[in-house]
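First comes the structure, then the notes that go with it.
The values are calculated or read from the model by the stated rules, or taken from the named source; none is laboratory data. Bear in mind the structure is a predicted one, so any value in this text is a computation, not a measurement. All Cβ positions, glycine included, derive from the backbone under ideal geometry; neighbour counts span all protein chains shown. Surface areas here come from the heavy atoms of the whole protein model, side chains and all, with no ligands, DNA or RNA. Shrake-Rupley method; radii C 1.70, N 1.55, O 1.52, S 1.80 Å.
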Amino acid sequence: MISRKIAYPSLTVVMLFLAMINQAVFAMPQESETPHTEDSYAQWKEMAKDAAEEEDVARAISFAQRYIQESLDLEFARSEAFSDFYDDPQFQQFQNSYLVKGRWGSLVYIYAGLIGLFIVVMFNLQPKQDRVATVLLSILIFIHAFFIIHVGLHSMNYDLYYPHLYSSSTIFSLLYGPLLYFYFKRIKTGYRFKWRDLLHLAPTLVLIGLFIPVFILPADEKLKIMLGVGIYQDRAYGLEISSGKMLSLIIYSFLTARLFFRNKNKITTPEYLPIWKWQRNLVSFQVLFTLVYAIYLILLVTNQLTGPFFHLQLITLSGMVLYVAYMAYTNPKTLLGYQLEASFLKYKNSGLTNSFSNELKDEMIRLLEEEKIFQHNDINLNTISERLGTTRHNASQIINEHFNLSFFELINHYRIKEAKQIFEEDVAGQKNIIEVAYEVGYNNKVTFNKSFKKLNQLTPSQYLKKLRQETP
């Protein structure tokens, strides 16, 4: 019996093939109604100019369109021959079909997409992260950002001037759902990929295969397709691809939401609340996008007004990209922090009860704040566990669960906090920096400076200078 995990991508593949079974590879080449010769170009061009002189807008537009379709001379739409028609709404609509146009909404989409691309780069420069989770989230944000930028450029007619952009974002249509689903599997359970998981890429591979005949065409041929006179139909399989995308979104959104809600009870401490909120919001964006896209497709099939819901899709995706960017800036550990939840899951079978865990946490706080055990320059996890009267494993679990830090991060936090307090009490500078470093537990000034700047964005000397300027 075929497993359900394999059936999900297989269903999408079967649907694509059934929708396309009546056609051959991609779309049957079309023949032009008129031979593409220079004489025919000139003929339509002259006829357009003659109609313009006769002030026949409709005929001028009709002949100009034929000329542009055959000659690919897009700039003819702004020819001086039509100067008397520039204010005519019908002619303006004709120009808007061929000339680059400025749109604030499109620029906003492009801006959001560029932020997404920037964040993808920043993801992969972060140290101490789970590489698999990072790659999955990076690809997801990249294809969202690329799609938003592509649509923005398309709405401004830039794809006519850069024909190789044609349908370039379409091949990612069936990846939105699988990427988010596997990202959640990774961060929630530490899932390790298996070869069979590649089956989830099967619908996308089918889609790429269908578009290869178009992607390998030269730029002029792609432009002809966009102008409706190419050897292939424009937006072939648009409805079939949209249906497959909707099916994929529904299936994977359901799987992702189920995975999130089934695992939500594992987060039992306040330290994990930001992680839970991040995951909840990400699922909410995906579910909202799925709902909006489903409504958009229904309206499209029934020939209803689709504009508002088309833009609502872009707004939802842009909102998701900007939210991820915000989280990357304010709390990158929550965003990419697989280690945080993974460490929690790692300890879930440790046998450490909640009450005993809280007792150990309170005792650790006492050791750090009252006894200031961090001041010992040879402090290590074994020393902490001995003072707590527990195992090294339990001590590590307490630090990870309750402080949301590693052992060395925790010690550095308290050392730098103590150093700042010393500086504030000794603004006059009776103690030099190396003395303070030794006092709080560091063995050398270099390590102290590095740790201080990492937590405060200032070196100790810069911090002291700032204190003295602020002190009357």
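Listed values, structure above:
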read-out: Single condition ARG415 does not satisfy, out of (1) farther than 20 Å from HIS376 by Cα; (2) within 41 Å of the chain's Cα centre (by Cα); value: (1)
read-out: Within the stretch 355-472, helices (runs of 4 or more DSSP H) holding 1 or more residues that are open to solvent by less than 50 Å² (accessible area, probe 1.4 Å) and more than 28 Å from LEU273 (Cα to Cα); value: 381-388, 407-425, 433-440, 445-456, 460-470
read-out: Qualifying positions in the stretch 187-243 - more than 28 Å from the chain's Cα centre (by Cα), farther than 28 Å from LEU297 by Cα and aliphatic (A, V, I, L, M); value: LEU217, ALA219
read-out: Boolean, GLN279 is surrounded by 16 or more Cβ atoms within 10 Å (Cβ to Cβ), modelled with pLDDT under 90 and not in a loop (DSSP other than H, G, I, E, B); value: yes
read-out: Given (1) in contact (Cβ under 8 Å) with a residue 60 or more places away in the chain; (2) over 14 Å from LEU227 (Cβ atoms); (3) not polar (S, T, N, Q), index of the condition ILE68 fails; value: (2)
read-out: Residue match in the stretch 171-182 (condition: of a type in the set (Ser, Thr, Tyr) and closer than 27 Å to LYS101 by Cα); value: yes
